[in-house]
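Q: My questions will all concern the structure given below.
The values are calculated or read from the model by the stated rules, or taken from the named source; none is laboratory data. What you are looking at is a predicted structure, and each value in this text was computed from that prediction instead of being measured. Cβ sites come from the backbone with ideal geometry, for glycine too, and all protein chains shown count toward neighbours.
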Amino acid sequence: MVSEQYKIMLNLGNNLGFIFGYFLFTTLLFLILAALNKLPTTLTYFHLMAITIVITFLGKIIHRVLK
């Protein structure tokens, strides 16, 4: 039987892993696009964060719909 504390820690670990991965991916994407001069001058890191979070949420919505 899985204890309640184990479920809480597993959920916390999943959420922290997602947040860490999200920021790592967004940062690397921004640095690569900036190094290759593929970013418009008006696009900032925060705009790229918004774009990637929208793509992530759309993916989660599609996953739930298809489930």
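Q: Looking only at the stretch 49-59, decide whether some residue is of a type in the set (S, T, N, Q) and outside any helix (DSSP H, G or I).
A: No - not one qualifying residue is present in the stretch 49-59.
Q: Kindly indicate whether any position in the stretch 39-61 is touching a Lys or Arg at 6+ places or on another chain (Cβ under 9 Å) and either at pLDDT 95 or above or β-branched (Val, Ile, Thr) (or both).
A: no
Q: Test LYS7 against the stated conditions and say whether it is basic (Lys, Arg) and outside any helix (DSSP H, G or I).
A: Taking the combined requirement at face value, the residue does not satisfy it.
Q: Still on this model: Taking the stretch 1-49, which residues are of a type in the set (Gly, Ala, Ser) and either in contact (Cβ under 8 Å) with a residue 12 or more places away in the chain or surrounded by 10 or more Cβ atoms within 10 Å (Cβ to Cβ) (or both)?
A: GLY13, GLY17, GLY21, ALA34 - these are the residues of the stretch 1-49 that are of a type in the set (Gly, Ala, Ser) and either in contact (Cβ under 8 Å) with a residue 12 or more places away in the chain or surrounded by 10 or more Cβ atoms within 10 Å (Cβ to Cβ) (or both).
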